Each structure stands twice: as C-alpha cells, then as structure tokens.
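Student: I have a structure I would like to understand better, so I am pasting it below and will then ask my questions one at a time.
The values are calculated or read from the model by the stated rules, or taken from the named source; none is laboratory data. Just so it is clear, the structure is predicted and the values come from calculations on it, not from any experiment. Every residue, glycine among them, receives a Cβ derived from its backbone with ideal geometry; neighbour counts consider all protein chains shown. The protein model used for the area step is the full one, side chains on, heavy atoms only, and it has no ligands, DNA or RNA in it. Shrake-Rupley method; radii C 1.70, N 1.55, O 1.52, S 1.80 Å.
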Amino acid sequence: MTGAVPSAFAPAKVNLYLHVTGRRADGYHLLDSLVAFADVGDEVTAAPAPEFSLSVGGPEAAALAGTLDDNLVLRAARRLAAYYGITAGAALHLQKRLPIASGIGGGSSDAAAAARALSRLGQAPLDAGAAAALAELGADIPACLAAAPVWVGGTGEELSAAGTLPEISIVLANPRKPLPTADVFRARTGPFSSAARFMPLPADAAALAAALALRRNDLTEAAIGLIPEIATVLNRLARLPGALLARMSGSGATCFALFGDRAAAVHAGDTLAVSQPGWWIAPGRLLADRLAEPD
C-alpha cells in the first residue's frame, strides 16, 4: 500500500444475551452468547516505522494514560509481527471513543482492528494461524476478528456464524464506572444456565427482541452488586420511548436498549443524554452482517 495510511474500525461488541453454562477445572467460565457489533467504536491507523509505537487520541484517551506499553493494540502488533517473521514496526494510532473496562470489548476490538490495519500495511492476509496467535491475547479477540454476528461458546473461542441480523438500532449507556471482567465473574453466584441458541434469527427487530427477552445476562446481578448504578441505567433505558429491550452487555457496566429504527434510537439517546449528562451514551445500529471496510 503506497501513499496511504491504512486504518481499521474497532466496533463495540454487544452481548445480546449471555448465559454462563459451566466452569472448567482451571476456573474459566463457559459461556453461551449471541454477539453482535455496533457502528459505534474506535479506530486504529498504522503507518510504516522502524519500531512499534502507539499514540492515543479521542474523547476516551485520558483513561489509557500510563498504560500504553501494555495496551492490547501494541501486544497484538508484536504478536502478529512475530507470527509473520516481520522485523519492521509501525506507528500505530488509536482514536479512543469507547470507555475502558465497560463490557463492550473495546480493548479486544482495538487489538483486532490493529491486526487488520497492519495486515493492510504489510499486504499480508490474516490467516487462521495469525488469528489463533492473536486469540491467545484475550477471550474476546476471536469474536472481534470475526466482526460479524456470532454464537459464542466455550470460554469465547468457539464461534459459529449466526446469520444476518434484522435492521435494528441501539443506544449504549455507561455510568462512567469501569468494571473489570474478572471481578464480575468472581462475584457471580447461583446455578449455571443452559445454552439457549435460536435459529434462524428473526427477520424483524420486534421478533428478535422478543426472542432475546426469553434469555438474560447471567452476570447482571453480580455486576449490580459491584456497581449499583447499573440498575439505574437499565431502568432508564427500559423507559425510553420505543425501547424494545434493555439489557447489560458482557460483564458491564455498559447497558443497551434496542430500537426498531435508527431515528428512534438517536432521539432516545439524545433524550437520555440531557437527563444524564455524566453518562457515556452512544446511539447507533447493529451491523447486520460482517463489518464492511475497504481492502
């Protein structure tokens, strides 16, 4: 690629439902989840350079101050270079818009985006071996590399294509409280759930929301125990005009409401932002299929 700095979008990952189905002997929990991606997210660019470096900008950049050396973007870049045997580096820039430690896979999606940007920079395909090497960095990375609606099983490594989502929009909201995933899993108690996949996916937003309403996020109670404000977020989202379903994503603290059309989601997001100026709020739509980016 000559004369261009390749970039890649890092969309927010949304667990439309999340059942905890068991726990392995090593302590890792087993999951069953329907994961989708929103058109809200970060962006990673990669320019040729002798060594790897990372700079950060954007409205959420301050939260990463002092942690760049261990950021998943750099770790993914180094892992990819080692896999391909590449000695050249890259100047990476992360435009950070998603809050950190928020249950929407921001770090993992950033790592996946870095891999896509570096693949374009070096004109090297992201083959199965590269994907497997990157997956060692985090359980969410395989889904974020797919960047399409997927059923997730195991500890996050078992992926099955879910098909095409109907046209459906979303409002994401976070009370500005970071919540480490490990803390939520440690706090979770109670019995395990069964897998609850449904196929094919419904053809319209209302039917999808109705199917999701029969499922849940098994981490919600534990997350609320750690950050009680999550209950307030869920309540406010559920009361927004036109909301079809309100739920927490992943391990929290980000929650979401689903809407039948984008205009309703934008209006609801604007309304919520007026009443809750301290929250992170982002309206958007869920990507119906694979993330479309220029080659």
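Student: Would you mind telling me which numbered condition in (1) touching a residue at least 12 places away in the same chain (Cβ under 8 Å); (2) within 24 Å of residue 250 (Cα to Cα) residue 25 fails?
Tutor: Tallying (1) touching a residue at least 12 places away in the same chain (Cβ under 8 Å); (2) within 24 Å of residue 250 (Cα to Cα), residue 25 fails exactly one: (1).
Student: Could you check residue 101 against (1) open to solvent by 10 Å² or more (accessible area, probe 1.4 Å); (2) part of a helix (DSSP H, G or I) and say which number it fails?
Tutor: Only one criterion is unmet by residue 101, namely (2).
Student: Please verify whether the range 58-72 includes one or more residues that are under 20 Å from the mean Cα position of the chain (by Cα), within 30 Å of residue 208 (Cβ to Cβ) and surrounded by 12 or more Cβ atoms within 10 Å (Cβ to Cβ).
Tutor: Yes, there is a match, as at least one residue in the range 58-72 is under 20 Å from the mean Cα position of the chain (by Cα), within 30 Å of residue 208 (Cβ to Cβ) and surrounded by 12 or more Cβ atoms within 10 Å (Cβ to Cβ).
Student: Those residues that are open to solvent by 10 Å² or more (accessible area, probe 1.4 Å), part of a strand (DSSP E or B) and among the small types (Gly, Ala, Ser), I need them from the range 23-48; list them, please. First the steps, then the outcome.
Tutor: Just the residues of the range 23-48 that are open to solvent by 10 Å² or more (accessible area, probe 1.4 Å), to begin with: 23-31, 39-40, 43, 45, 47-48.
Narrowing further to those that are part of a strand (DSSP E or B): 23, 29-31, 39-40, 43, 45, 47-48.
Of everything in the range 23-48, just one residue is open to solvent by 10 Å² or more (accessible area, probe 1.4 Å), part of a strand (DSSP E or B) and among the small types (Gly, Ala, Ser), namely 47.
Student: Any idea which residue in the range 238-295 is nearest to residue 149 (Cα to Cα), counting only those that are acidic (Asp, Glu) and in contact (Cβ under 8 Å) with a residue 40 or more places away in the chain?
Tutor: We begin by selecting, within the range 238-295, every residue acidic (Asp, Glu); these are 261, 270, 289, 293, 295.
Among the residues that remain, those that are also in contact (Cβ under 8 Å) with a residue 40 or more places away in the chain are: 261, 289, 293, 295.
Details: 261: 19, 289: 6, 293: 16, 295: 20 Å.
If we take residues in the range 238-295 being acidic (Asp, Glu) and in contact (Cβ under 8 Å) with a residue 40 or more places away in the chain, then 289 is nearest to residue 149 (Cα to Cα).
Student: Report whether or not residue 15 is among the polar types (S, T, N, Q), closer than 30 Å to residue 195 by Cα and within 20 Å of the chain's Cα centre (by Cα). It would help to see each step written out before you state the result.
Tutor: Values: among the polar types (S, T, N, Q): yes; closer than 30 Å to residue 195 by Cα: yes; within 20 Å of the chain's Cα centre (by Cα): yes.
Against the criterion (among the polar types (S, T, N, Q), closer than 30 Å to residue 195 by Cα and within 20 Å of the chain's Cα centre (by Cα)), residue 15 qualifies.
Student: Moving on to the next point. Conditions first: (1) surrounded by fewer than 17 Cβ atoms within 10 Å (Cβ to Cβ); (2) under 19 Å from the mean Cα position of the chain (by Cα); (3) acidic (Asp, Glu). Residue 218 passes all but one, so which condition is the exception?
Tutor: The one condition residue 218 does not meet is (1).
Student: Could I ask something else about it? Hey, among the residues in the range 84-98 that are part of a loop (DSSP other than H, G, I, E, B) and in contact (Cβ under 8 Å) with a residue 40 or more places away in the chain, which one's surrounded by the fewest Cβ atoms within 10 Å (Cβ to Cβ)? Steps first, please.
Tutor: Going residue by residue through the range 84-98, those that are part of a loop (DSSP other than H, G, I, E, B) are 85-88, 96-98.
Next, only the ones that are in contact (Cβ under 8 Å) with a residue 40 or more places away in the chain stay: 88, 96-98.
Values: 88: 12, 96: 23, 97: 19, 98: 28.
Going through the qualifying residues, I end up with 88.
Student: Looking only at the range 178-237, filter to residues that are among the β-branched types (Val, Ile, Thr) and part of a helix (DSSP H, G or I); which one of those is farthest from residue 150 (Cα to Cα)?
Tutor: So the first thing to find is which residues in the range 178-237 are among the β-branched types (Val, Ile, Thr), and the list is 181, 184, 189, 220, 224, 227, 230, 232-233.
From what is left, the residues that are part of a helix (DSSP H, G or I) are 181, 184, 220, 224, 230, 232-233.
Values: 181: 20, 184: 23, 220: 21, 224: 26, 230: 26, 232: 29, 233: 26 Å.
Ranking the candidates gives 232 first.
Student: Considering only the range 239-295, give the strands (runs of 3 or more DSSP E) lying wholly within it that have at least 2 residues that are farther than 15 Å from residue 209 by Cα. Lay out the reasoning, then the answer.
Tutor: Values: elements: 245-248, 255-259, 280-285.
The qualifying strands (runs of 3 or more DSSP E) are 280-285.
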